[in-house]
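Contents: one structure, followed by commentary.
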Amino acid sequence: MLYLHDVWVNWFEGEENGYNVCPFHEWRKSDGIEILDQAPILFIDDKTFQYIENDLQDIPQSMLDQIYQRAYIRKNQERQQLDYACVITNGSSILAFDTMGYHIPIRKSRLIPRQERLVFDLIEGRTAKTYSIADHTDKEFHILSLPPEYMVGLTRRERQLKQLLMIALDQLEVAHCLEEVRYWLTEWAPEQYHSIKRMTFNEAWEKLYNDLVTGWSTKHEVFCKQIIKGQAFYEDIWEREHQPYSTKSLRS
């Protein structure tokens with residue numbers, strides 16, 4: 001079995017979508033970086049890679065058996081064994097995961113560029129192993145877990161704010177208040193005020209959602225700040241995403 005040593009990981013916990021597992025250039029000084037003293041490397045088929053990267057379902061048992069207690073993490077100069085942790089690649093993308101003792105990829109991380117290159121070098125000339133995924137159905141996306149195409153090209157901050165905006169829209173739909181949804185649609189598109197006055201709740205909400213779900217702009221950001229105003233928890237998320245950040249100065 002192939003192994004990678006001294007692996008820098010920035011765990012994103014409970015993330016079902018790979019676009020929220022940030023690449024190295026989006027790591028922040030406030031992130032908690034850990035070091036895997038040793039991690040097995042698996043070269044796997046693309047379907048299994050996508051399944052693990054973009055979901056929180058059971059990992060194939062045959063894979064778990066392969067990696068059982070073969071990974072170690074370094075904490076306070078001590079070497080601690082991990083039940084199920086490894087680095088996987090499909091030949092084009094790379095991901096580290098740790099199940100924290102369970103059978104699902106609870107924690108996920110990208111690698112630093114230097115170690116990604118090393119993984120690609122190590123699998124060169126090898127053949128990807130195919131795994132059987134039992135009872136697998138295609139993942140269903142929804143407003144609180146948007147399809148990847150709606151996040152393409154966005155920065156970490158923009159993705160976080162867009163998810164915050166979708167939470168606010170979801171609350172708007174649940175409240176089902178016609179005047180409220182008309183108000184927010186008018187805030188977004190004031191030039192359509194006269195037509196908005198004649199819309200039903202469903203028509204107004206669908207238009208607002210369809211307008212906001214595509215892309216990201218300063219207008220989106222301003223609207224997000226307006227719609228979460230007065231909700232302390234969401235305002236706290238907003239403020240955190242507007243703090244100055246810089247990436248860690250790691251050699252890659």
Selection within the stretch 46-100 - of a type in the set (Lys, Arg) and assigned to a loop (DSSP other than H, G, I, E, B): Arg70
Filter the stretch 8-32 for residues that are within 19 Å of Arg79 (Cβ to Cβ) and at pLDDT 95 or above and give the result. Trp8, Val9, Trp11
Could you tell me whether the stretch 166-175 includes any residue that is touching a residue at least 40 places away in the same chain (Cβ under 8 Å) and open to solvent by 20 Å² or more (accessible area, probe 1.4 Å)? yes
Considering only residues that are touching a residue at least 40 places away in the same chain (Cβ under 8 Å) and either under 14 Å from Gln50 (Cα atoms) or open to solvent by less than 60 Å² (accessible area, probe 1.4 Å) (or both), which ones fall in the stretch 130-154? Thr130, Tyr131, Ser132, Ile133, His136, Lys139, Ile143, Ser145, Leu146, Pro148, Met151, Leu154
For the stretch 191-224, which positions are part of a helix (DSSP H, G or I) and among the hydroxyl-bearing types (Ser, Thr, Tyr)? Tyr193, Ser195, Tyr209, Thr218
Among Thr218, Thr247, which is at pLDDT 95 or above and of a type outside the set (Lys, Arg)? Thr218
What number of residues within the stretch 85-122 satisfy the criterion of being touching a residue at least 40 places away in the same chain (Cβ under 8 Å) and open to solvent by less than 10 Å² (accessible area, probe 1.4 Å)? 17
Inside the stretch 201-236, can you point out the residues that are open to solvent by 70 Å² or more (accessible area, probe 1.4 Å) and either farther than 15 Å from Ile167 by Cβ or of a type in the set (Lys, Arg) (or both)? Asn202, Glu203, Glu206, Asn210, Thr214, Thr218, Lys219, Val222, Lys225, Lys229
Tell me, please, whether a residue that is of a type in the set (Val, Ile, Thr) and within 18 Å of Ser132 (Cβ to Cβ) can be found in the stretch 16-35. no
Would the stretch 53-62 turn up any residue that is of a type outside the set (D, E, K, R) and closer than 18 Å to Val119 by Cα? no
Got a number for residues in the stretch 96-123 being over 21 Å from Arg28 (Cα atoms) and hydroxyl-bearing (Ser, Thr, Tyr)? 2
Regarding the stretch 19-32, can at least one residue be identified that is among the aromatic types (Phe, Trp, Tyr), in a loop (DSSP other than H, G, I, E, B), closer than 16 Å to Gln115 by Cα and open to solvent by less than 40 Å² (accessible area, probe 1.4 Å)? yes
Right, Arg70: over 20 Å from Asp55 (Cα atoms), touching a strand residue (DSSP E or B) at 6+ places or on another chain (Cβ under 8 Å) and either of a type in the set (S, T, N, Q) or open to solvent by 30 Å² or more (accessible area, probe 1.4 Å) (or both) or not? yes
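The values are calculated or read from the model by the stated rules, or taken from the named source; none is laboratory data. Since this is a predicted model, take the numbers as computed values, not measurements. With ideal geometry, Cβ positions are generated from the backbone for all residues, glycine too; neighbour counts draw on all protein chains shown. The protein model used for the area step is the full one, side chains on, heavy atoms only, and it has no ligands, DNA or RNA in it. Shrake-Rupley method; radii C 1.70, N 1.55, O 1.52, S 1.80 Å.
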